[in-house]
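Since the structure comes first, as structure tokens, the remarks are kept for the end.
The values are calculated or read from the model by the stated rules, or taken from the named source; none is laboratory data. No experiment lies behind these values; they were computed from the predicted model shown. Cβ placement follows ideal geometry from the backbone for every residue including glycine, while neighbour counts extend to all protein chains displayed.
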Amino acid sequence: MSYFVTGATGFLGRFLVSNLLKRKGTVHVLVRKDSRKKLEAIGRKMGWDMKRVVVVEGDMTAPKCGVSAAQLRALTGKVKHFFHLAAIYDLTASAESQRKANIDGTRNALDLAVAIKGATGAGPVFHHTSSIAAAGLYPGVFREDMFEEAEGLDDPYLRTKHDSEGLVRAEKRLKWRIYRPGMVVGHSQTGEMDKIDGPYYFFTFLKKLREMLPPWMPTLGIEGGRINVVPVDFVVDAMDHIAHKPKLDGHTFHLTDPEPMRVGEVLNTFARAGHAPEMTMRIDARMFAFVPSGVRMAVGNLPPVRRFIGMLLRDFQIPKEVLKFITYPTRFDNREAERALKGSGIKVPPLESYAWRLWDYWERHLDPDLFVDRTLKGKVRGKVVLITGGSSGIGLSTAQRVAEAGAITIIVARGEEELFKARDAMKAAGGKVFAYTADLADMADCDRLVATVLKEHGQVDVLVNNAGRSIRRSIELSYDRFHDFERTMQLNYFGSLRLIMGFLPKMTERRRGHIINISSIGVLANSPRFSAYVASKAALDAFSRCAQGELSGKGISFTTINMPLVKTPMIAPTKMYDSVPTLTPDEAADLLVKAIIEKPSRIATRLGIFAALINAVAPKAYEVVMNTAFELFPDSAAAKGDKKALRGEVEPSNEQIAFASLMRGVHW
């Protein structure tokens, strides 16, 4: 017995060919010339006997599939079963490409099957792989003998699947059988799948939910309509079995799950498989049926609503075309298929029994995060990165990282000797590094720096506002030191803001740029004795939040890093910090690398976020904690201006060390 298969390199096709090779005979496969190597690779992977696989070069979009006259003569009268699987199964494909592949391709396949009938006229049986999409969005139960009753065919995918099946149903020159598989997912035994489709579109969402919340956390979700999910091995086993049964020509078979699950149930099944929180409470979209469709459409078309929904769909990588199937209205009667499969043992396995295999395969092979370049080199190579305070501490460690990754690295600091020494060391290591001296507390010097950098480098892609001044002094000791507040604000806020305002015009013109501001955990924890420092950093944080709202649509990203305590020269005057947990500059640079790669709005420690949450929920209780810390950690000798006491400053007590360890990274 001889077979002919189109779409043999596709997902369904490769498994069907494997099944056919278990029978006697030769399998002819239609393959484009440039896909021969792909077919050979698939054959090796699937374990095909390539001596029984005959390649027929052609093109589905050409008349008679582009098969040459010589090949037609060789095939004539030899093919008993012609399986047509080649098609586009992609909701996001263009209407034109779907028309060519699904409609024109089916017409050409029919003509090819007729051309190889042979003199007897018996010809091959044409087995057409359609889809439940041929029913459109029919509201109710769609039987296997129904076709013209299809509704809601505005979508190109639904329309082309319906019309291509219509060509086969109208065919008088050949005997035919039509198969309408449900939503095909991976293999129930191996989990293998070749692309993200159907329920897989929601896997990224479930994964992010898992990263944010513990598995036991109940969440709110959707109920949705019933979607028909079937594994690829069931589909090909059913097609293979039905194709070889007699007296079934002219019939259509729904290869579907007789008891489909609702969207919410399907997502919860995969949530369990991926150890993500389940949607305990699910909202049925029918609850909103009382809202007039015009009102729903008007709300959905509001610019903020459209942008917000678009952002969520982009983040979770869900095509908007998928949303219409959340409330899928069609059920499928499959009694013809059940009769044909009776006694074969072929049936749809419960999704619960193999969902974990699908999730595991997706996470290992298809997860989009696997293909994202998350290296620092991929983000900064060839780009201009400017780092203030780049001659020591956090700035120097970060500069060394980005220079090594191939960035055009610009470091800025006041001290010329230390700055140039850092530059020369990085250049000797192979980095492309430039150094500029500037006093960022001087607005004129900031303007000079901006003008020089833009003149010599054209633009700044990443601006890291790292230079800063910290003052640890209680308010009572600051009554006559108003200049403490002025100078911290001058450098930490106005200096950073001056650079941002200087480089932003070029960034907005190019519609890309990233500004990273080194803030403090003290802004979240409201650390006592740091009122001047925290206020200056809080001002920069507030500016960034406002700027994000204005500039995110122009390709500009802002990241605020609420940095915990770092072992740098800035904290050296407070000797107590020698005995409490701190980050090293290299560990702090790790946070900056994360910011450059991922571009989050904020990076903060869990303790910092927890402190802000407690302060918001129970401000009086938090006030007691902060006042206790204030009393526990006195002003340093440096803050008091007592140089003699500084030389003989006492070691911190065990109580102080224990408290600082508990509140790791917070300034006291």
Inset, instruction - Evaluate segment 391-404: report whether one residue or more is modelled with pLDDT under 95, surrounded by fewer than 13 Cβ atoms within 10 Å (Cβ to Cβ) and in a helix (DSSP H, G or I). - result: no
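Kindly indicate whether any position in segment 96-109 is of a type outside the set (Gly, Ala, Ser), surrounded by fewer than 21 Cβ atoms within 10 Å (Cβ to Cβ), in the same structural domain as His244 (by TED's automatic domain parsing) and touching a strand residue (DSSP E or B) at 6+ places or on another chain (Cβ under 8 Å). So that I can check it myself, show each step before the final result.
If we filter segment 96-109 for residues that are of a type outside the set (Gly, Ala, Ser), which is where we start, we get 96, 98-100, 102-104, 106-108.
Restricting the remaining residues to those that are surrounded by fewer than 21 Cβ atoms within 10 Å (Cβ to Cβ) gives 96, 99-100, 103-104, 107.
Of the ones still in play, those that are also in the same structural domain as His244 (by TED's automatic domain parsing) are 96, 99-100, 103-104, 107.
Narrowing further to those that are touching a strand residue (DSSP E or B) at 6+ places or on another chain (Cβ under 8 Å): none.
No, every residue in segment 96-109 fails to be of a type outside the set (Gly, Ala, Ser), surrounded by fewer than 21 Cβ atoms within 10 Å (Cβ to Cβ), in the same structural domain as His244 (by TED's automatic domain parsing) and touching a strand residue (DSSP E or B) at 6+ places or on another chain (Cβ under 8 Å).
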Legend entry - Selected residue (criterion: nearest to Asp154 (Cα to Cα)) from residues of segment 67-106 that are without any contact (Cβ under 8 Å) to a residue 12 or more places away in the chain and not in a loop (DSSP other than H, G, I, E, B): Glu96
Legend entry - Hits in segment 212-241 - residues which are at pLDDT 90 or above and out of contact with any Ser or Thr (no Cβ under 6 Å at 6 or more places or on another chain): Arg226, Ile227, Val229, Val230, Val232, Phe234, Val235, Val236, Asp237, Ala238, Met239, Asp240
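Going by the structure shown, is Ala355 within 22 Å of Lys208 (Cα to Cα) and not in a loop (DSSP other than H, G, I, E, B)?
It is true that Ala355 is within 22 Å of Lys208 (Cα to Cα) and not in a loop (DSSP other than H, G, I, E, B).
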Inset, instruction - Would you check if Gln459 is out of contact with any helix residue (DSSP H, G or I) (no Cβ under 6 Å at 6 or more places or on another chain) and touching a residue at least 40 places away in the same chain (Cβ under 8 Å)? - result: no
Inset, instruction - Looking only at segment 405-429, count how many residues are under 18 Å from Arg448 (Cα atoms) and either surrounded by 16 or more Cβ atoms within 10 Å (Cβ to Cβ) or in contact with an Asp or Glu (Cβ under 9 Å, 6 or more places away or on another chain) (or both). - result: 6
Legend entry - Among the residues listed as Arg487, Arg469, Arg423, the single one being under 39 Å from the mean Cα position of the chain (by Cα), part of a helix (DSSP H, G or I) and either touching a residue at least 12 places away in the same chain (Cβ under 8 Å) or assigned by TED's automatic domain parsing to the domain that holds Met563 (or both): Arg423
Inset, instruction - Report whether or not Val460 is of a type outside the set (Ser, Thr, Tyr), farther than 26 Å from Val566 by Cα and in a loop (DSSP other than H, G, I, E, B). - result: yes
Inset, instruction - Working only within segment 320-353, note down all residues that are at pLDDT below 90, surrounded by 14 or more Cβ atoms within 10 Å (Cβ to Cβ) and not hydroxyl-bearing (Ser, Thr, Tyr). - result: Glu321, Val322, Lys324, Phe325, Ile326
Inset, instruction - For residues that are among the small types (Gly, Ala, Ser) and under 20 Å from the mean Cα position of the chain (by Cα), scanning just segment 541-558, find the one that is surrounded by the most Cβ atoms within 10 Å (Cβ to Cβ). - result: Ser557
Legend entry - Leading residue by the ranking (modelled with the lowest pLDDT) among those in segment 566-606 that are under 23 Å from Asp541 (Cβ atoms) and either among the small types (Gly, Ala, Ser) or in contact with an Asp or Glu (Cβ under 6 Å, 6 or more places away or on another chain) (or both): Ala604
Inset, instruction - Can you tell me which residue among Ser520, Ser536 is over 24 Å from the mean Cα position of the chain (by Cα), at pLDDT below 90 and either in the same structural domain as Leu592 (by TED's automatic domain parsing) or among the basic types (Lys, Arg) (or both)? - result: Ser520
Inset, instruction - Note down all Cβ pairs under 7 Å where the first residue falls in segment 153-182 and is within 20 Å of Thr92 (Cα to Cα), the second is acidic (Asp, Glu) and outside any helix (DSSP H, G or I), and they're at least six residues apart or on different chains. - result: Gly182/Asp257
Legend entry - Subset of segment 470-497 that is crowded, with 19+ Cβ neighbours inside 10 Å and among the basic types (Lys, Arg) - its residue that is modelled with the lowest pLDDT: Arg472
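Could you go through segment 213-235 and let me know if any residue there is among the charged types (D, E, K, R) and touching a Pro at 6+ places or on another chain (Cβ under 7 Å).
Within segment 213-235, one or more residues are among the charged types (D, E, K, R) and touching a Pro at 6+ places or on another chain (Cβ under 7 Å).
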Legend entry - Verdict on Phe434 being aromatic (Phe, Trp, Tyr) and either over 36 Å from the mean Cα position of the chain (by Cα) or at positive phi (or both): no
